[in-house]
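Step one of this worksheet: look at the structure below.
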Amino acid sequence: MNIEELLDMQERGIRDRILGYDLSDNPMSRPELMPIRDAWELEVWYARYEAWRFGWAVEDASRRH
């Protein structure tokens, strides 16, 4: 996992919020998208999960002001 992948997930979160997706619609909440077999894959999954949430939250916050 590199910084570009994390930024892509943040952008996806922003885009999903613009499209009306809910916070619970995080694509990383679907385990079939990324099976977790070891501790490294768990760390990568969590980083992607949090990056999407962050992007979604940034866009959500911008809509409140």
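The values are calculated or read from the model by the stated rules, or taken from the named source; none is laboratory data. Note that this is a predicted model, so its numbers are computed, not measured. Note that each Cβ is placed from the backbone with ideal geometry, even for glycine, and that neighbours are counted across all protein chains shown. Each accessible area value is taken on the protein alone, full model and side chains, heavy atoms only, with ligands, DNA and RNA left out. Shrake-Rupley method; radii C 1.70, N 1.55, O 1.52, S 1.80 Å.
Tabulated data
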item: Unique match (being loosely packed, with under 13 Cβ neighbours inside 10 Å and in contact with a Phe, Trp or Tyr (Cβ under 9 Å, 6 or more places away or on another chain)) among Ser29, Ser24, Ser62; result: Ser29
item: Options Ile3, Ile14, Ile18; residue that is open to solvent by 90 Å² or more (accessible area, probe 1.4 Å) and closer than 11 Å to Trp56 by Cα; result: Ile18
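Here's the yes/no breakdown for (1) closer than 16 Å to Glu5 by Cα; (2) modelled with pLDDT under 95; (3) β-branched (Val, Ile, Thr):
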position: Ser29; (1), (2), (3): no, yes, no
position: Leu33; (1), (2), (3): yes, yes, no
position: Arg37; (1), (2), (3): no, yes, no
position: Val44; (1), (2), (3): yes, yes, yes
position: Glu50; (1), (2), (3): yes, no, no
position: Val58; (1), (2), (3): no, no, yes
